């Protein structure tokens with residue numbers, strides 16, 4: 001018996017070379033009275049265990065009696081794992097299925113946006129993050145954070161900073177949000193070539 005659902009939402013990370021890499025957060029809590037396949041699928045997505053995780057998620061989808069939100073979460077978690085494994089087409093199919101089952105869950109759009117980033121479909125990724133923000137559920141901070149990273153990648157530092165501030169405000173306990181905001185607020189060192197040009 002479940003109360004609620006679990007979705008391993010992914011946060012995009014930034015660095016010198018910006019890539020969509022997983023840093024999972026819980027989008028919502030699930031209370032499961034036993035070790036179920038869907039819960040093990042969530043744990044695999046949370047850990048990024050692609051090999052075993054995809055099979056466990058598939059078993060949960062095929063054989064476990066899941067309510068709509070739990071089924072959507074399981075498809076989304078499998079989509080995350082497939083995306084991490086480079087199977088973007090299949091990942092997007094799972095994200096589409098998840099959203100068709102429970103379009104009211106913002107974390108499903110956050111997860112699909114990460115797959116869009118991996119597929120270099122930035123407009124689609126931005127659209128999904130804006131949808132997640134408009135839903136304004138438990139994934140709101142993650143949606144703002146991911147949109148900040150996407151804005152940064154697209155060269156809009158001001159919008160990136162505004163969204164990073166909002167994410168940190170919504171979830172002040174999340175170290176990744178605070179650290180990213182701190183990094184954005186640091187002055188960028190001027191290279192020796194740029195100094196010579198001045």
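The values are calculated or read from the model by the stated rules, or taken from the named source; none is laboratory data. A quick note: this is a predicted structure, and the numbers were derived from the prediction, not measured. When we count neighbours, we look across all protein chains shown, and the Cβ atoms used for this are built from the backbone with ideal geometry, even at glycine.
Determine if the stretch 177-197 includes at least one residue that is closer than 28 Å to residue 69 by Cβ, in a helix (DSSP H, G or I), free of Cβ contacts under 8 Å to residues at least 24 places away in the same chain and under 14 Å from the mean Cα position of the chain (by Cα). Within the stretch 177-197 (the criterion being closer than 28 Å to residue 69 by Cβ, in a helix (DSSP H, G or I), free of Cβ contacts under 8 Å to residues at least 24 places away in the same chain and under 14 Å from the mean Cα position of the chain (by Cα)), the answer is no, since none of the residues qualifies. Look at residue 104 and say whether it is surrounded by fewer than 16 Cβ atoms within 10 Å (Cβ to Cβ), modelled with pLDDT of 95 or more and part of a helix (DSSP H, G or I). The answer is no for residue 104. If the condition is being closer than 21 Å to residue 119 by Cα and touching a helix residue (DSSP H, G or I) at 6+ places or on another chain (Cβ under 6 Å), then the stretch 54-87 contributes 54, 75, 76, 77, 78, 79, 80, 81, 82, 83, 84, 85. Checked against (1) surrounded by fewer than 21 Cβ atoms within 10 Å (Cβ to Cβ); (2) modelled with pLDDT of 95 or more; (3) farther than 24 Å from residue 74 by Cβ, residue 193 passes all but condition (2).
Scanning the stretch 142-161 for residues that are surrounded by fewer than 16 Cβ atoms within 10 Å (Cβ to Cβ) and either in a helix (DSSP H, G or I) or touching a helix residue (DSSP H, G or I) at 6+ places or on another chain (Cβ under 8 Å) (or both) yields 154, 157, 158, 159.
Can you name the residue in the stretch 61-92 that is part of a helix (DSSP H, G or I) and without any contact (Cβ under 8 Å) to a residue 12 or more places away in the chain and is also surrounded by the most Cβ atoms within 10 Å (Cβ to Cβ) among such residues?
Among those that are part of a helix (DSSP H, G or I) and without any contact (Cβ under 8 Å) to a residue 12 or more places away in the chain, it is 90.
In the stretch 107-136, of all residues being under 18 Å from residue 168 (Cα atoms) and touching a residue at least 60 places away in the same chain (Cβ under 8 Å), the one that is surrounded by the fewest Cβ atoms within 10 Å (Cβ to Cβ) corresponds to 107.
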